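Okay, so here's the structure we're looking at.
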Amino acid sequence: MKFLRSLRGEGVLVSDAQEVLVTYQLDIFESGFGRTGSGVLEGRLSESFTEGAARLRLADGQEFAVTLQDIDDDGAAFETRAAPQAG
């Protein structure tokens, strides 16, 4: 597995019924299985989101599927199998 880059910024976490402003840190990796990523979100997620599928929209408009984990009052961890391009 090869580390490609780290992204940080502000974005929007999206589900079918909710959108919440978040800040994110995302580490992107490349392996024989493709591009993956993992990171953390900061924002008020515990009232609106449960662990599982959501989408993260970055400030530049890129949007991709994430799996939320360990949600608490301040944010959550997440993983993705469709990390954005590491330009």
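Could you list, ordered by first residue, the pairs with Cβ atoms under 6 Å in which the first is in segment 56-68 and within 14 Å of V22 (Cβ to Cβ) and the second is at pLDDT below 95 and of a type in the set (D, E), at least 6 apart or interchain?
These pairs meet every condition: R57/E63; L68/E51.
Filter segment 4-15 down to the residues that are aliphatic (A, V, I, L, M) and closer than 20 Å to I71 by Cβ, then identify the one that is surrounded by the most Cβ atoms within 10 Å (Cβ to Cβ).
Taking the candidates together, the pick is L13.
Cβ-Cβ below 6 Å, separation at least six or inter-chain, first residue in segment 16-37 and within 15 Å of F64 (Cβ to Cβ), second at pLDDT below 90 and not in a strand (DSSP E or B): which pairs?
I28/A83; I28/A86; F29/M1; R35/A83; T36/R81; T36/A83; G37/A83
Starting from residues that are polar (S, T, N, Q) and out of contact with any Gly (no Cβ under 7 Å at 6 or more places or on another chain), keep the ones in segment 24-73 and report whichever is surrounded by the fewest Cβ atoms within 10 Å (Cβ to Cβ).
The selected residue is S31.
Residues of segment 52-71 being farther than 13 Å from V14 by Cα and in contact with a Leu (Cβ under 8 Å, 6 or more places away or on another chain), which ones?
Of everything in segment 52-71, just one residue is farther than 13 Å from V14 by Cα and in contact with a Leu (Cβ under 8 Å, 6 or more places away or on another chain), namely I71.
The values are calculated or read from the model by the stated rules, or taken from the named source; none is laboratory data. Not measured: the values here are computed from a predicted model. Cβ atoms come from the backbone with ideal geometry, glycine included; neighbour counts cover every protein chain shown.
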